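Take a look at the structure set out below.
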Amino acid sequence: MRRSILIILGVLSLTSTASLAGDHHHANDHAAHEAAAHGIHGLHAWTRATDDDHALVFVELKNESDHEVHLTGGHSAIAETVTLVGFQMQEGEAVYVPIPQVPVQPEGELDLMPNGLALQLDGLARPLAKGESFEVEIVFDQGHLMMPVQVEANNATQHSHAGHMH
Amino acid sequence: MFETMADLWQALPPTFQDTLWLLALLAPTFIVGGMVCKGYRPFGLIGALLWRYRWTNLVFILLIAVSVGIGVGLIAQERGLRKGSARAAEKFDLIVAAPGSEITMLFASVYLRPSDVPLLDATRFQNVASNPRVDMAAPIAFGDSYAGAPVVGTTAEFISHLAGNLVEGRLFQTSTEAVAGAAVSLPLGSQFSPDHGVGDGAEHGAHDGHVNTIVGRMPPTGSPWDKAILVPVEGVWEVHGLPNGHPPHASDRLGPPFDPEFFPGTPAVLVRAQELWSNYALRSEFTRDDMMAFFPGAVLAQLHSVMGDIRQVMSVMAVLTQVLVTAGVLTGLIVLTRLFSRRLALLRALGAPRRFVFSVVWGYAATLIATGSLAGLMVGWVAVGQISRIVSQRTDILVNAQLGWAELHLVAGFVSLTVVLALLPAFLAMSRNVLADLRA
C-alpha cells in the first residue's frame, strides 16, 4: 500500500515538473511571437515561404496608448525596402498598392492580413523557408517596434499560432 | 549567375516573357522537326498521304481540336468569370452592416441576391455617416422587386458613384421617382408598384397605391445592378409604412443628412473615403461587436482562392483529357501507318532510305497534331464566347472571357509533347519488314 502511494506521488511529481517545464516553454514560445514598444503591442507577425524577391508580412497590432498612432512602414535587414501596402481590386485583378499611413485609434486594433493591409518586403536578400524567422522593424509616427516574423508554409493563410491567447 | 539571370528575367516586360515562354514550349517541336527532316524533302509525300486518307485525317484533327478546345475554353472561362465578378464589385469600397455573414451581405448588397438580414439602426448609421473620414455613406435598402427586377432604395449620390452620368433622363427628385438599370425593359415614364420581396415568394400587390415613375436610366455597369430599379431610400421606407428618414417638416427632402430620430434602419451602407488608407482606418473603426465592416474585394478574393483550387483541378482535368487524346491519337497513328505500310514498303523497295520513311511518317503525324491544335484554339475561342454569353445572362455579371497566354502556353506544351511522342509510330513504321509488307 505504502509502495503504491509512493509510486503515485512520484508520478504526480514528474507530471507536475513536466507541466511546469511545458508552461515555461510555452511562455517562451509566446514571447517569440509578440513585441511591445511605445504603447503598441504586436502579435503573430508572419509571412509565407518564398523563393521570390518579395514577400508580404502580416501582423496583429493593438494601440494600448491613449492617443492615435500612425503606422507608416518598416525596415528589415533581409529586404531592400519595406512598404505599407493595401489590397485592392483593379480591372478585376487583385493588387497591393502602396499606402502612406494608417491611423490606429487609442485602444484600437489593426490587423495586417491577407487580402487587406500588409508590409511588403522587396529585394529580399535570400529565399524564405518555412520554420525560419527574421526581424522586421515596424515604423509608427511615435516610434519603432522590433517584431519577430515567423515564416509559414507558402500557402498559409494565418500564423500557425493564430487564435492562441497571449 | 543565377541571380543575375533571374533579375534580367524579372526586368523583361510581361508580354516579352510570355512570348519567350511560348517559343520555349514550341522549341522541342522545331528541334525534333529539324532533326527528323534534315537532308530530306518529305513534304510532297506527306501532302499526298494527307489527301489520300483525308476523311480519316479529318476525324483525327477534329478529335484533337475538340479536346484542345474544351481544355482551353474551360480555363479561359474560369478566368473570365473571376474577372467579371471582381469588376462588378469594384465600386463597392467598404460595406458596413449589422453583424452577420460577410459572404451573405456581399451577395445581397453587391450582387443583389437579397437575404433576410438584420438592419443597421439609426445610432450606428449616424456613427458611420458622421465620421470625418467618410465622404459618402449611402444606404442600400433591398428586398422589393418589380417583374423580377430588384427594387433598391438608395441615394442619388450612390447612382452617380456606381454608374456616372445617366444615359437617359435624370436622377430622382421625389420619393416616387426611380432610375432604371441599363438592362431594365421599362421605358422612361413607365409607372409601376413594387412587389414586397423578390423571386417566387414576392407578394404581388403588397404595395399597391405606391406608384413609382421611371425618370432616368443608368449606363451599363456589367453588374447585376443593370437589371435593378433604383428608388430613393425614403420611398422604400414610406411604402413599408416607416418614417422616411427626415422630420415631418422636411419630409419632401431626399438624401443625407438623415435624422436619427426618423431613421428606420438599412440592411447595408456603402461607405466611401477619398483615400484607400482611410477605408482601412474606417474598417478598423467600424468592426465592432454591434457592426461589421468589410471590403467586398477582399471577401471576393477569398472566394476566388477557392475558385483557384477549382481552376487547378480544371487545369489537371484539361491536361488529363489531352493526354488521353494523345494516347488515342498515337494508337490511331500506329494503326494508320499499318494502313499504308504497303506503300511505305514500296517506297523502301524503290530505294528510299529508312530515315526518309521515318521523316514522312513523323511529318504526317506532326501535321495532324499541329492542325488539330490550331483548330482547337478556334474551337476554344468560339466556345468561350458562347459560354460567356450564357453565363452573363444567367448571373447578370458581364463575363468577357478571352483566350490568353495561359491557353497558348497550354496548347504549345501539348503540341511539343505530342510531336515528340509521335517519334514512336514513325520508328515502328520504319522498323517494319519490307518484304512482309510488300507481300501483304
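Every number in this text was worked out from the coordinates using simple rules, so none of it is lab data. Predicted, not measured: the structure shown is a model, and the values here were computed from it. Cβ sites come from the backbone with ideal geometry, for glycine too, and all protein chains shown count toward neighbours.
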Inset, instruction - Scan A:F134, A:F140 and give me the residue that is out of contact with any Lys or Arg (no Cβ under 9 Å at 6 or more places or on another chain), buried (at least 19 other Cβ atoms within 10 Å of the Cβ) and within 30 Å of B:D289 (Cα to Cα). - result: A:F140
Inset, instruction - Report whether or not B:L403 is of a type outside the set (F, W, Y) and part of a helix (DSSP H, G or I). - result: no
Inset, instruction - Please indicate, with yes or no, whether at least one residue in the range B:81-98 is touching a Pro at 6+ places or on another chain (Cβ under 8 Å), outside any helix (DSSP H, G or I) and more than 14 Å from chain A (Cβ to nearest Cβ). - result: yes
Inset, instruction - Among residues belonging to the range B:406-431 that are polar (S, T, N, Q) and in a helix (DSSP H, G or I), point out the one that is surrounded by the fewest Cβ atoms within 10 Å (Cβ to Cβ). - result: B:S416
Inset, instruction - Working only within the range B:103-139, note down all residues that are buried (at least 18 other Cβ atoms within 10 Å of the Cβ) and under 24 Å from A:P103 (Cα atoms). - result: B:R124, B:F125, B:N127, B:V128, B:A129, B:V134, B:M136, B:A137, B:A138
Inset, instruction - Look at A:L56 and say whether it is within 27 Å of B:F92 (Cα to Cα) and part of a strand (DSSP E or B). - result: yes
Legend entry - Tabulated pairs, the range A:89-109, first more than 20 Å from A:H54 (Cα to Cα) and within 7 Å of chain B (Cβ to nearest Cβ), second surrounded by fewer than 17 Cβ atoms within 10 Å (Cβ to Cβ) and among the hydroxyl-bearing types (S, T, Y), C-beta under 6 angstrom, 6+ apart or interchain: A:Q101/A:T72
Inset, instruction - Report yes if some residue within the range B:65-79 is touching a residue at least 60 places away in the same chain (Cβ under 8 Å) and either of a type in the set (D, E, K, R) or closer than 30 Å to B:F286 by Cα (or both); otherwise report no. - result: yes
Inset, instruction - Go through the residues of the range B:245-265 one by one and say whether even a single one is in a strand (DSSP E or B) and either among the charged types (D, E, K, R) or surrounded by 15 or more Cβ atoms within 10 Å (Cβ to Cβ) (or both). - result: no
Legend entry - Which numbered condition B:Q274 fails, given (1) touching a strand residue (DSSP E or B) at 6+ places or on another chain (Cβ under 9 Å); (2) within 30 Å of A:T72 (Cα to Cα): (1)
Legend entry - Residue match in the range B:366-374 (condition: over 30 Å from B:E78 (Cα atoms) and assigned to a helix (DSSP H, G or I)): yes
